[in-house]
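To start, the structure under review is shown below, and the notes come after it.
No lab work stands behind these numbers, since they all come straight from the coordinates. Keep in mind it's a predicted model, so treat the numbers as computed, not measured. Cβ: placed from backbone, ideal geometry, glycine included. Neighbour counts: every protein chain shown.
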Amino acid sequence: MPTNTDTVSLEGTFTHRLHTLSKLTDRATQAAYLADADIPFSEGRCLAAIGAFSPLSVKDLAFRANLNKAQASRAAQTLVDQGLVRKSASVTDGRGVVLTITAKGKRVWQRLMTVIERRNVEITSCLDALERQALDQLIDRLVEHARVAAAGTCDLDS
């Protein structure tokens with residue numbers, strides 16, 4: 001259904017508001033990752049994913065951390081260099097690698113998960129319990145809808 005672009009307000013669109021919320025929360029979360037877990041944002045997102053879903057390929061890491069493959073690869077290498085993640089050759093893919101968390105990485109991951117939990121509470125603190133539950137259900141539906149729509153049309157890892 002065509003819309004009259006003269007009456008559409010960018011600030012009122014779902015995508016604009018969602019992106020604004022993401023950017024605002026990312027800034028505060030980035031500061032919290034550094035202050036409380038002593039880890040930069042991209043590396044923190046990757047460590048959180050590796051700790052939660054290990055073992056992961058770089059492609060799987062990119063998907064789980066919501067980064068592109070190049071960002072995930074750079075962050076993973078930084079985590080390897082810091083001794084937080086172990087990189088080993090994949091037994092199923094001759095050119096691939098498998099990422100797993102180390103004991104040192106597990107300690108940082110636990111601090112990071114505390115930050116993530118606290119940030120989630122802070123972000124949704126303006127909602128009551130029923131609103132948070134409804135929001136969770138709606139977001140799950142929207143994510144599933146977007147995945148189905150994207151399934152044949154694009155590579156989410158790009």
Selection within the stretch 99-110 - touching a residue at least 24 places away in the same chain (Cβ under 8 Å) and either crowded, with 19+ Cβ neighbours inside 10 Å or farther than 17 Å from R45 by Cα (or both): L99, I101, G105, V108, W109
Every residue from the stretch 79-98 that is surrounded by 15 or more Cβ atoms within 10 Å (Cβ to Cβ) and either part of a helix (DSSP H, G or I) or under 17 Å from the mean Cα position of the chain (by Cα) (or both): L79, V80
Condition check for I116: hydrophobic (A, V, I, L, M, F, W, C), within 26 Å of A151 (Cβ to Cβ), in a helix (DSSP H, G or I) and in contact with a helix residue (DSSP H, G or I) (Cβ under 7 Å, 6 or more places away or on another chain): no
When residues of the stretch 48-73 are limited to those that are touching a strand residue (DSSP E or B) at 6+ places or on another chain (Cβ under 7 Å) and in contact (Cβ under 8 Å) with a residue 24 or more places away in the chain, the one nearest to K106 (Cα to Cα): G51
Test: residue in the stretch 33-45 that is more than 12 Å from the chain's Cα centre (by Cα) and of a type in the set (D, E, K, R): yes
